[in-house]
Amino acid sequence: MISVMLDNDIAGHRNLFDGTLHSTGWDEYRLVKFITMQEAGIAGDAPDSEVWRFCQQRGLILLTANRNLDNESSLEQTLREDNTPESLPIITVSAPQRIVEPEYRERCMHALIGIVLDLDNCL
């Protein structure tokens, strides 16, 4: 089972993600579990670069809705500088305002499970 850490932008939707994992039947396979930054043990206000390194060191997939290039410690800048062929993927929800829509969430869940099942090819 791989842990998917929800960043601050979408951690409030954890119950929706857990419910969709269950309603789609994927929970039976015990492939993923969702955790918050707090549960993982990293400060909620940690810079994106620190969050990325934290996830890489602990084997966590980061699920985010905020992948920007605002500054030198932004997630996109960190990926440009530190990403390697062995790095775990960062998954970005492209339309976070739609997370409340069950059909959209189901598509996101199926995409996430697809990545987890083919993780070696998604590094």
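For the reader, a short list of remarks on this structure follows.
- Counted residues, the range 75-122 - those being under 15 Å from CYS55 (Cα atoms), in contact with a helix residue (DSSP H, G or I) (Cβ under 8 Å, 6 or more places away or on another chain), among the polar types (S, T, N, Q) and at pLDDT below 95: 1
- Residue match in the range 32-43 (condition: loosely packed, with under 15 Cβ neighbours inside 10 Å and of a type in the set (Phe, Trp, Tyr)): no
- Residue list for the range 71-97, filter: open to solvent by less than 80 Å² (accessible area, probe 1.4 Å), outside any loop (DSSP other than H, G, I, E, B) and not acidic (Asp, Glu): LEU75, GLN77, THR78, LEU79, ILE90, ILE91, THR92, PRO96
- Residue within the range 55-64 that is open to solvent by less than 80 Å² (accessible area, probe 1.4 Å), more than 21 Å from THR36 (Cβ to Cβ) and touching a residue at least 24 places away in the same chain (Cβ under 8 Å) present: no
- Check on ASP27, surrounded by 14 or more Cβ atoms within 10 Å (Cβ to Cβ), on the phi < 0 side of the Ramachandran plot and of a type in the set (Asp, Glu): yes
- Of the residues making up the range 19-39, those that are in a loop (DSSP other than H, G, I, E, B) and either in contact (Cβ under 8 Å) with a residue 24 or more places away in the chain or within 23 Å of GLU50 (Cβ to Cβ) (or both) are THR24, ARG30, LEU31.
- When ASN66 is tested against (1) over 22 Å from ASP18 (Cα atoms); (2) in contact with a Leu (Cβ under 8 Å, 6 or more places away or on another chain); (3) part of a loop (DSSP other than H, G, I, E, B), only condition (1) is not met.
- Boolean, ASP9 is open to solvent by 60 Å² or more (accessible area, probe 1.4 Å) and either within 20 Å of ASP120 (Cβ to Cβ) or out of contact with any Lys or Arg (no Cβ under 8 Å at 6 or more places or on another chain) (or both): yes
The values are calculated or read from the model by the stated rules, or taken from the named source; none is laboratory data. Being a predicted model, the structure only gives us computed values, none of them experimental. Cβ coordinates were reconstructed from backbone atoms using ideal geometry, including for glycine residues, and neighbour counts include every protein chain displayed. All accessible areas refer to the heavy atoms of the entire protein, side chains included, with ligands and DNA or RNA removed. Shrake-Rupley method; radii C 1.70, N 1.55, O 1.52, S 1.80 Å.
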